[in-house]
Structure formats: C-alpha cells, structure tokens
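Each remark here refers to the structure printed beneath this line.
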Amino acid sequence: MGCNCSCTNKDESTELIPEVQCPPPLVNEKENEKENENERTSIHSNINLNFHIEEIKDKEKERPKLIQKVSLKGNFLDKNISEIIEELNPAANKIDIPSEMMKEQPHNIVLPPIKLNNGEIYGGGWNIHGQKEGYGINIDKENKVYKGLWKNNNYGEYGCFIHNNGNYYKGDLVNGLAKGKGEMFINNKLKYIGEFDNDIPNGEGKIINYEDETNYTGYTINGIKQGHGVLEFNDGTKYEGEFKDDKIEGKGKIVYSNGEEYEGDFKNNLKDGIGIFKWPDGERYEGQFKDDARNGKGKLIFDDNKFYEGFWLNNKPHGKGSYNLNGKILPGIFRYGKIIITENEN
C-alpha cells in the first residue's frame, strides 16, 4: 500500500479504495534557487579550471619546442639575471620599474638567461615563435641594460634603459623611443621627469639640477626650457615667468631670499627692459634696466614725499635728473651718483 495518510479509512472497503500517493514535502523556494546557483557556479568553475589546465598543458607542450628554438640562438647561463647585471652593469640593479610591469605572463614561457649568438644576454618571456615577449631583461654588447616589456622581439610600450655610466631612461616607449611620460637621469647631475617625444624631453616636466641645486617646473622643447616655467634656487630665490632657449627671457618675476623682488623684462638671464624693483623697506625703482642694473631713465621712490627721477648708469643717477624732497625739486646734472651742476648754478 501507499503511505499512511490520514485521509484513508481502514474498513471492509479499504481494498476497493485506490492507493493514495502522499504529496511531496514542501521545499523552500529560496533554498532551491541557492542550490541551483551553487550548481551553476560549480559548473562554471569546473569549466574555467579545465580551460586553465588545458592552457597550461598546451603551454607545456610547446615548452620543449620553444627551448629547442631558443637554444639554437645561444647558450643558457648558470647564473640568474641579477647576478649577471651585478657583474656587468651594477647601476642597473638599483633601478626598479613598476611592479605591475612584471606581472605574470600566462601566454608566454619565462626562461632563464641565455647568451644569444649576437653577444647579447636575455632573460624573461618568450612566445611560442621563439621571440622575446612580455617582461624581460636584455644586456647588449656594451652592457647597456633594458628592463621592460617586449612584443615580437621588439621593445614594448614601457621599459627602462640603463647605461654603464649611470644614465638612464624609464617610461613610455613607442618603437623603442621615449614618447609619453617618463624619467631621465643624465651625467650624474640632471634628472628630468615629465613628457617626452622622439626620445627627447618635450612638453611639461620638471628638471632637477644636482650641480647648481636648482629645480625647474614648466615647459621644455627639445630638451631645453622654453615657454612658461618656475625656477627655484637653493637659497630660496624663485623666478616665475618666460624662458627662451634654456634662459630666463621675456616677462617674469623674481623674488629673492632677502625679500627683494623684481617684476618686468628679462633677457639672457638678466633684468633688461622695463621693470619695477622693490626693497623690503618699501623703496622701489620704476624704469629701465640694462645688463641686470638700473640703466636708462627711471624713478627711485624713497617714500611718498621723496624721490629721484632722471637718468641712471649702473644703478647710480647719471645725467640729467632731479630730486624731489618733501615737495622741493632740485634739478641738476649728475655724475656717478653725485650732483655736479644744479639748475641754480647755470
């Protein structure tokens, strides 16, 4: 008989009553959905895992063939790449590239250093065609080290070149040339961080000069300061304004560490043209400059009631001019700062 269901009566007619099937137990729909989801997740996980395993198997199948291809190009070395660099170009071991550039290479095979038939040493990723691919380190015959990305045996989109003398470039690359954002260190005294084009600093950037202890932030064209920029000196002096051909030239303002300041025209790193020079005590000069000094016509204002107006030579009144002292005007001819002829004496 079926299950003992309370809906049946045990009497003489029991045998004539058809067997009753009990309804299935109630199932929580949410739990059922969860089980189905788990089942689906398990299926997807197995698919992904199987795919990854097959990928590894395929990669390992190619490994002997690849090693054979690579071994035809040179001989594998019994040292790791860092040890080899330490012997040939130790400066390169001190320069790191971003860790994300050294990420896993699922589609490449990473092999130990090999000395290639062209005399270069390479350790890193190879594709199945026996070409440098992914992240790798190359040492050329002059011991210049390249750390970075490769694509089909060519330099990739990011890398670092380190020369034996310590010069290096680290950053974006296009066809093996610096293009984009990067960092360059030159002759143990200059570092440039900023934009590059055609292997040369071009665009916005910062130049740190360790020799004269200055910092420049602004525009460069073909490696030289050009356009608007800010130049800071080690004593606290700061210039902001225009540059031309690597020199301060054009309109700008310089504030000295002692509180003096000049705003106006510059030429060849010197005050030249029309400008205003101010002293911390409130005195100021307005007028012409030449060769970094007051030369030409100008006005030196001591305070509201005292000033000299006239011609200047090397920061001194020279030529025709006049003093105004509390409203009293004393005109005359000056020579190297001294009055030699007054109007009353004429």
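Checked against the criterion of being of a type in the set (Val, Ile, Thr) and closer than 30 Å to residue 177 by Cα, the candidates 200, 301, 254 yield just one match: 200. On the given criteria, is residue 247 touching an Asp or Glu at 6+ places or on another chain (Cβ under 6 Å), in the same structural domain as residue 228 (by TED's automatic domain parsing) and either more than 22 Å from residue 230 (Cα to Cα) or among the charged types (D, E, K, R) (or both)? No; evaluated as a whole, the condition is false for this residue.
Each residue in the stretch 151-180 was checked for being over 20 Å from residue 209 (Cβ atoms), basic (Lys, Arg) and crowded, with 16+ Cβ neighbours inside 10 Å, and 1 pass.
Answer yes or no as to whether residue 188 is in contact (Cβ under 8 Å) with a residue 12 or more places away in the chain and farther than 26 Å from residue 225 by Cα. For residue 188, the condition - in contact (Cβ under 8 Å) with a residue 12 or more places away in the chain and farther than 26 Å from residue 225 by Cα - is not met. For the stretch 235-271, enumerate the residues that are buried (at least 17 other Cβ atoms within 10 Å of the Cβ), small (Gly, Ala, Ser) and more than 26 Å from the chain's Cα centre (by Cα). Those that are buried (at least 17 other Cβ atoms within 10 Å of the Cβ), small (Gly, Ala, Ser) and more than 26 Å from the chain's Cα centre (by Cα): 252, 264. Scanning the stretch 205-229 for residues that are closer than 15 Å to residue 191 by Cα and among the small types (Gly, Ala, Ser) yields 205, 218, 223. Taken as a whole, the structure places residue 198 among residues that are closer than 25 Å to residue 154 by Cα and at pLDDT below 95. Output yes when any residue across the stretch 103-115 is out of contact with any strand residue (DSSP E or B) (no Cβ under 7 Å at 6 or more places or on another chain), acidic (Asp, Glu), in the same structural domain as residue 73 (by TED's automatic domain parsing) and assigned to a loop (DSSP other than H, G, I, E, B), and no when none is. Within the stretch 103-115, one or more residues are out of contact with any strand residue (DSSP E or B) (no Cβ under 7 Å at 6 or more places or on another chain), acidic (Asp, Glu), in the same structural domain as residue 73 (by TED's automatic domain parsing) and assigned to a loop (DSSP other than H, G, I, E, B). Among the candidates 249, 263, 242, the residue that is farther than 19 Å from residue 206 by Cα and part of a strand (DSSP E or B) is uniquely 263. Could you please find all residues in the stretch 76-133 being more than 29 Å from the chain's Cα centre (by Cα) and of a type in the set (Phe, Trp, Tyr)? Of everything in the stretch 76-133, just one residue is more than 29 Å from the chain's Cα centre (by Cα) and of a type in the set (Phe, Trp, Tyr), namely 76. One residue alone among 299, 278, 253 is on the phi < 0 side of the Ramachandran plot, assigned by TED's automatic domain parsing to the domain that holds residue 223 and touching a strand residue (DSSP E or B) at 6+ places or on another chain (Cβ under 6 Å), and that residue is 253. It is to be established whether one or more residues within the stretch 85-97 are more than 14 Å from residue 145 (Cα to Cα) and either charged (D, E, K, R) or not in a helix (DSSP H, G or I) (or both). Checking the stretch 85-97: not a single residue is more than 14 Å from residue 145 (Cα to Cα) and either charged (D, E, K, R) or not in a helix (DSSP H, G or I) (or both).
Note on the stretch 301-345: residues that are among the charged types (D, E, K, R) and either farther than 19 Å from residue 276 by Cα or at pLDDT below 85 (or both) total 7. Exactly one residue out of 203, 236 is part of a strand (DSSP E or B), small (Gly, Ala, Ser) and touching a strand residue (DSSP E or B) at 6+ places or on another chain (Cβ under 9 Å), and it is 203.
The values are calculated or read from the model by the stated rules, or taken from the named source; none is laboratory data. Note that the structure is a prediction, hence the values are computed from the model and not measured. In this analysis, Cβ positions are derived from the backbone assuming ideal geometry, glycine residues included, and neighbour counts consider all displayed protein chains.
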